[in-house]
Amino acid sequence: MKKVLSLVAAGSMIAIAAPAMAQDEAPSFTGFRLEGLVGYDSSRPGSSADIDNAGDLDQSIDNVAYGVGAGFDGNLGGVVVGIEGEWMQSEAKTDYDTFGFTTFGVSNIKAGRDLYVGARVGVPVGSHALIYAKGGYTNARYDVLATDNVTDTRTNINLDGWRVGAGAEFDISRNFFVKAEYRYSNYGKGQVEAPSGLESDRFDVDVDRHQVIAGVGVRF
C-alpha cells in the first residue's frame, strides 16, 4: 500500500511539474519587454542633385549606435502583435578639415539622439524563434557645426520620418532573449533649432538611414 501511495504521489508531482517545464521550454513571445540595443548606423542624403562637388565628398556618416527599447507583445492565435519604442544615440559624424575656408558653407554634422515608436508583427518559428516585420514613426536629431575658422555656429536639425524593418528574436530562456534586425528610415521633414531655442518653419528634406542592430532583453 505504501508503494502504491508513493507511486501516486510521484506521478502527481510529475503531472504538476510537466506543464511548468513545458511552459519554460516553449516561450510565448508575449508580455512586456525591456532591451539594450547596439549596432551599425549610417545616414546619407537621399538625393545628391543639390550637393556641390558630390563626387568629391563622402556624403554618408557611419558609426556605432546604442540605446534602449521597450515594448509589449500579445499572441493573437499564432501571430504575435506588439507596440514598441526606442531611444538611441549615434556616434556617426563627418570630420571635415575646415582650415583655410573663409566663408560659411562647410560644416560638420554629427548624428544625435534617435527616437522611434511603432508596431511589429511576427510569426513564431519552432518554439524558440520569432521572425517579424516592424514599422512606425521616427524622429532624429543632427547637430550641425558651421565655421569660417573665426566664428562657429551650432544648430540642431530635427527630422521627422518613417521607419520599416525586419528581424528575428530568439529566446534563450523563459525571460531572456536576443534579437537582430535591419531597419531603413527616411526623413522627409526638417526643422532647425537655434541655440537660443528659436525654431524655423518646417521644410522638406530627403535623408536615408540604414541600421543593423543587435539586442538583448528581458521579458516580464
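The values are calculated or read from the model by the stated rules, or taken from the named source; none is laboratory data. Since this is a predicted model, take the numbers as computed values, not measurements. As a convention, Cβ positions derive from the backbone with ideal geometry for all residues, glycine included, and neighbour counts pool all protein chains shown.
Looking at the structure I just gave you, is Ser173 of a type in the set (Ser, Thr, Tyr), surrounded by 14 or more Cβ atoms within 10 Å (Cβ to Cβ) and at negative phi? Walk me through it before giving the result.
On the way: of a type in the set (Ser, Thr, Tyr): yes; surrounded by 14 or more Cβ atoms within 10 Å (Cβ to Cβ): no; at negative phi: yes.
Against the criterion (of a type in the set (Ser, Thr, Tyr), surrounded by 14 or more Cβ atoms within 10 Å (Cβ to Cβ) and at negative phi), Ser173 does not qualify.
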Item to check | Residues satisfying the stated conditions in the stretch 161-186, i.e. within 18 Å of Tyr116 (Cα to Cα) and small (Gly, Ala, Ser) | outcome: Gly161, Gly165, Ala166, Gly167, Ala180, Ser185
Next on the checklist: Please return the ranges of strands (runs of 3 or more DSSP E) entirely within the stretch 11-97 where 2 or more residues are in contact with a helix residue (DSSP H, G or I) (Cβ under 7 Å, 6 or more places away or on another chain) and at pLDDT 90 or above.
Outcome noted: none
Checklist outcome for this item: The condition of being under 20 Å from the mean Cα position of the chain (by Cα), farther than 23 Å from Arg44 by Cα and among the aromatic types (Phe, Trp, Tyr) holds, among Tyr132, Tyr116, only for Tyr132
Checklist entry - When you scan the stretch 136-161, how many residues do you find that are exposed (fewer than 15 other Cβ atoms within 10 Å of the Cβ) and at pLDDT 85 or above? => result 1
Next on the checklist: I'd like to check something: does the stretch 113-134 contain any residue that is among the acidic types (Asp, Glu), closer than 30 Å to Leu198 by Cβ and either modelled with pLDDT under 95 or surrounded by fewer than 19 Cβ atoms within 10 Å (Cβ to Cβ) (or both)?
Outcome noted: no
Checklist entry - Restricting the search to the stretch 177-208, which residues are surrounded by 15 or more Cβ atoms within 10 Å (Cβ to Cβ) and closer than 22 Å to Ile131 by Cα? => result Phe177, Lys179, Glu181, Arg183, Ser185
